[in-house]
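Laboratory data are not the source of any read-out in this text; all were calculated from the coordinates shown. Predicted, not measured: the structure shown is a model, and the values here were computed from it. Methodologically, a virtual Cβ is constructed for each residue, glycine included, from the backbone with ideal geometry; neighbour enumeration extends over all protein chains shown.
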């Protein structure tokens, strides 16, 4: 199958989640796959001490031509990939528009305001309704649940990468993933990461 | 077998790599022939020395995590004096720490090229201030370079070594969070063989900066030399390719910018379709400003906008220049921070620059349907709960502060904690039960405590505590402890020893056997022995042992004589040693959990609030979030009904990490 063309230039991807979910690794893998295909990439990352239990976000700019700002302008995200559902909503409202596509993990990470009972976490029905109202297309994938089955919840990020590649918006494929993940993890973990990627591709295909 | 070459050591000139900004700086230094690199960790600079530490051995470099930023500059300067090119890297606060030495060094000058990389944090995303080195550079009277993209992070760092040798002066390269913690494609240059012979020559004349002893006297003479170096830098900068212009020869508006703001300006001009009406002057050699070059550009337009972070540094310089040369460059209308076109504080982004441009050109910004944005924001606001910062699940600090909070409550008398820089600073908010009542710079908690502890004779009865981390102890808290002990200040210093410089990514410090070069048998300085030797009554506890910790605190709180040190020793939940090994498997026995009707009023989820716990308001039950919980077991010890239960994890008992997957 030929790789799809990017919808516009620069194409803007945001990876969001909560500190500790493997957000930065996910952004590097996706950016690495795109760089492998000859694109000029800029990634802007928000991480560091300010992120203990807080929201984290990476902005990826993909262009044939130029270096772009590591912060994307508001309302111009083309694709939001989220490791946590409420973070996908937060980022969509801030950086998205009616044409934005969302792929998100469906597993909530409760903030301490939710744990204490001071605030309520939205139900999956509410979250899906939000996406239905405000996105072009959205996919909620039970990535953490599948990763637990693989014995490593952290692999949810790789499953989400698989799902994001699986919807055929990005000009990258499974071989690109294999080549990038081989640079990122020890050789003995490559196969497990590739299995997680495949699960993501498969899961998202059932949602279409 | 194919040996995998580290991406930073790719020998192939012209090849392209996706580098983190800080990696581009490392590669630039390698291309500039650096032999010695030293740093103290600090966001967003830490990945620079981490990069060197990965490849130092194979490049025959000396790489060091120094005890603090001042010492890192001294280590780098020693290399420079001995003929080796050197680099030190720090966050903006580090320059304050190093400034005492740097003010001397700027007078004495250097020998082999020496580069100070200052990674700054406009918007204070991971900092307690948004200070900047450009003003320091002016105070120090040394040049500062500001790369404006990823390629320049590499190229300008490499060039800074040559410049430094030309001037016999150290050079500051200024980066920021949005460059250092961003990634972009970098085209590689040649990787030279680093120098490997060092010798410190000192037998020339007393005043010969190249062969004599290194010192800063007499200041009157050397200050003059220093100014001559700046003049020379200015003339080199006039022709630098790192200053560029993009736009027509007669733009309606000229933007003068640099650093990450250069990228925001470019984006904003593109988004608004103003390419033909706006010219962008990108300055890479910010200080001393290349005046002839700037004058040449100023003549192009009558309206000038400054886009820079954070304070109006270039704006001030250029306005002074325009004032002095009004007859030549003409009368200008200036927009920038001074007139409020751009905010005076905080970081910029493309949207802020776009808004300013739209105002100047009187055009409407319309990037998304206004209606969509409005309703999406309103609905998201209703739906998405806040995410207040807190300690990680299983963090020893939460347990430490739990005991400190409870001990202070039991004693009464409004006791309080003075803190400093580290994750543990979160005790000023709910994460640490609000016990921290002062929070300043590295080591300041103990210095302030030393002062508070002497106010008893003025009738102050409040118990005084300080906290500091293990890395901070070595960095800046030791002199404060010496001060407290010597002056018999009645305080309790709590050292939160989590086994590394945790907040910035677990870099080693002098209390550990490991170092930046990968050695694992370095002499580890024992904190307990140091505190005892200084003369403090010293105790060590495991903060996960809540009752022992509380007892030690209560005993110290009753002891009104002199300085006490309590070392709360427990590894960070994210440490490489602990990661992915749960000490305990946690569960909740639903039949024992009384939830809202429990007399404890939900200590676990309402007060302790570890992210590994969950509260289901519909089912009125506490549970464990298996994915988030790190298995420290502390919540089982605070549950009065025994509903939260812990069972030793057999895998943890084996004492080695279970296989991780990434």
Worksheet, complete the sentence: Length gained, residue B:597-residue B:326, 0.36 nm per residue minus C-alpha separation, equals 89.8 nm
Response to the item:
Rounded to the nearest Å, the spacing of the alpha-carbon centers of region B:416-447 and region B:586-609 is 28
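Can you order the peptides B:328-340, B:479-491 by their average number of other Cβ atoms within 10 Å per residue, highest first?
Ranking, from highest mean packing down: B:479-491, B:328-340.
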Worksheet item: Between residue B:166 and residue B:455, how many nm apart are label points set 7 Å from Cα along the C-beta direction?
Response: 5.4
Worksheet item: Want the number for residue B:579 to residue B:561: 0.36 nm per residue separation, take away the alpha-carbon distance, what's left?
Response: 2.4 nm
Fill in: Virtual spin-label span in nm between residue B:524 and residue B:382, 7 Å along Cα→Cβ
5.6
Worksheet item: Based on the Cβ-Cβ distance of residue B:641 and residue B:587, what FRET efficiency does E = 1/(1 + (r/R0)^6) give at R0 = 22 Å, to the nearest 0.05?
Response: 0.95
Worksheet entry | chain B, helix-only ellipticity at 222 nm - DSSP H runs n ≥ 4, -39,500 (n - 2.57), divided by all residues, nearest 500 | -10500 deg cm²/dmol
Worksheet entry | Gain upon complete extension [residue B:488, residue B:193; 0.36 nm per residue less C-alpha separation] | 100.7 nm
Worksheet entry | chain B, relative contact order [Cα under 8 Å, separation at least 6], % | 10
Item to complete: With a ≥ b ≥ c taken as the square roots of the eigenvalues of the C-alpha gyration tensor of region A:11-207, please select rounded if a/c is under 1.5 and otherwise prolate if a/b is larger than b/c or oblate if it is not?
Response: rounded
Worksheet item: If you take the square roots of the eigenvalues of the alpha-carbon gyration tensor of region B:384-499 and sort them as a ≥ b ≥ c, do you get rounded (a/c under 1.5), prolate (a/b over b/c) or oblate?
Response: oblate
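Before anything else, pin down the relative contact order of region B:137-208: Cα pairs under 8 Å, at least 6 apart, normalised by residue count, whole percent. Don't skip to the end; give the middle numbers.
Numbers: 48 pairs, mean separation 24.0, N = 72.
After rounding, I find 33 percent.
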Worksheet, complete the sentence: Quick calc, residue B:128 & residue B:100: beta-carbon distance into FRET formula, R0 22 Å, rounding 0.05, result 0.65
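Report the percentage of all Cα-Cα pairs in region B:396-569 whose separation exceeds 21 Å, rounded to a whole percent.
Numbers: 6367 of 15051 pairs.
Counting pairs separated by more than 21 Å, the tail of P(r) holds 42 percent.
If you average the sequence gap of Cα pairs under 8 Å that are 6 or more apart and divide by the length of region B:529-599, what percent do you get for the contact order?
Values: 47 pairs, mean separation 20.6, N = 71.
Worked out over region B:529-599, it gives 29 percent.
Quick check: from the Cα gyration tensor, does the protein assembly as shown come out rounded (a/c under 1.5), prolate or oblate?
oblate
State the volume of the convex hull built on the alpha-carbon positions of region B:244-361, expressed per residue in Å³ and rounded to an integer.
Per residue, the Cα convex hull of region B:244-361 comes to 88 Å³.
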Discussion item. Taking every alpha carbon pair in region B:23-123, what does the distance histogram look like in 10 angstrom bins from 0, in percent?
Written reply: 18, 53, 27, 2
